[in-house]
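The values are calculated or read from the model by the stated rules, or taken from the named source; none is laboratory data. Everything quoted here is computed from the prediction, not taken from an experiment. No Cβ is skipped: glycine too gets one built from the backbone with ideal geometry, and neighbour counts run over all protein chains shown.
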Amino acid sequence: MLLQPALLSAPVRRPGPDAHHHPVPLVAAGTPGRTGVVFVHGMRTSSAIWDRQVDHVRATGHDALAVDLPAHGARRGQRFSMPAAFDVIDAATRSFRPGTAVVVVGLSLGGYTSLAWAARHARLTAAGHDGPRLAGVVASGCTADPRGKPVALFRDVARLTVAGAAAVRRGTSAAGTTWRRALTGGSSIAGGAEPAALLYPAASRGTVPAGAAAAPGWDVVTDALSQLAGRSSTAHLREIAAPVWLVNGARDRMRLEEARHLAAARDGALVVVPAAGHDVNSDAPDAFNRVLSRALTHFARA
């Protein structure tokens, strides 16, 4: 894909009474200072989805580490919970050399988890706890606030994963109507969110991954979505003092509340990558890597 920088401008909201938005050109830039970057994957995937980003970040002179969340990848035998996920990110951010500023990059479940972790990090820092300096957060596919969405709906959709692809399509279509009503009060908004986008990242492209329905672990999905229910990603954004870049694919069905999320950030940017879906880093890896480079430069100067 030919990247058009003009289409990838990021309106930045800066803190204070004179807060305003202005475009940030997303072109490759220098990388002042060495940063430790932690990548956090989405639902039913693993750290392997970040291979191209890890290679890119290391090639630009930064340290990088992609983690497996509980119940995923190398931690498949563990049960997912948000405190356990925080422990994983804590360990990763402390694994870099002392004094290294850290950036956390998350997609979907990993994006929600990263925002929640960063809000917790801000609270702990304010309370005087020691820890690495958080230079910034890049959060993708996580701009539909989970708070107020019915846990029963999450669990019903999760259980469809053992019922076969046809049932997944039928069930997520019906559940999606309830999901959208919960988000919008019954109105129809272009770019709405679908539960399947969280369950299966490829669902944002209209498909269910081969073999996914037969795979064990609907309980993993239920655990993860239940952990999200009742949490507010916009509330987390309000707590985070570090800059946050929200990076979404233009075809991502989780974009429904991206403007609200941008407004909630103290120092935020919103980047929409053309032609990409929920798996923005995989759908448009070169574009995503350019955005990542620009974000790292911005974080180093913030």
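Output the residues belonging to the range 271-302 that are within 15 Å of Val104 (Cα to Cα) and either part of a loop (DSSP other than H, G, I, E, B) or aliphatic (A, V, I, L, M) (or both).
Residues satisfying the conditions are Val291, Leu292, Ala295, Leu296, Ala300.
Restrict the check to the range 51-68 and report whether at least one residue is touching an Asp or Glu at 6+ places or on another chain (Cβ under 6 Å) and either at pLDDT 50 or above or of a type in the set (Asp, Glu) (or both).
No.
Being over 19 Å from the mean Cα position of the chain (by Cα) and under 19 Å from Ser226 (Cβ atoms) is true for just one of Arg44, Arg94, Arg75. Which residue is that?
Arg75
Yes/no per residue for (1) of a type in the set (S, T, N, Q); (2) buried (at least 24 other Cβ atoms within 10 Å of the Cβ); (3) part of a loop (DSSP other than H, G, I, E, B):
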{"residue": "Ala224", "(1), (2), (3)": "no, yes, no"}
{"residue": "Arg238", "(1), (2), (3)": "no, no, no"}
{"residue": "Ala241", "(1), (2), (3)": "no, no, yes"}
{"residue": "Val247", "(1), (2), (3)": "no, yes, no"}
{"residue": "His261", "(1), (2), (3)": "no, yes, no"}
{"residue": "Arg266", "(1), (2), (3)": "no, no, yes"}
{"residue": "Ala269", "(1), (2), (3)": "no, yes, no"}
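Testing Val105 on (1) under 21 Å from Val273 (Cα atoms); (2) at pLDDT below 95, one condition comes back false. Which one is that?
Result: Val105 fails condition (2) only.
So which residues in the range 271-283 are among the hydrophobic types (A, V, I, L, M, F, W, C) and crowded, with 23+ Cβ neighbours inside 10 Å?
Val271, Val273, Ala276, Val280
Within the range 67-117, work out how many residues are crowded, with 17+ Cβ neighbours inside 10 Å, in a loop (DSSP other than H, G, I, E, B) and free of Cβ contacts under 8 Å to residues at least 60 places away in the same chain.
Within the range 67-117, residues that are crowded, with 17+ Cβ neighbours inside 10 Å, in a loop (DSSP other than H, G, I, E, B) and free of Cβ contacts under 8 Å to residues at least 60 places away in the same chain number 3.
Any residue that is within 16 Å of the chain's Cα centre (by Cα), acidic (Asp, Glu) and more than 27 Å from Ala122 (Cβ to Cβ) - is there at least one of those in the range 277-284?
Yes, the conditions are met somewhere in the range 277-284.
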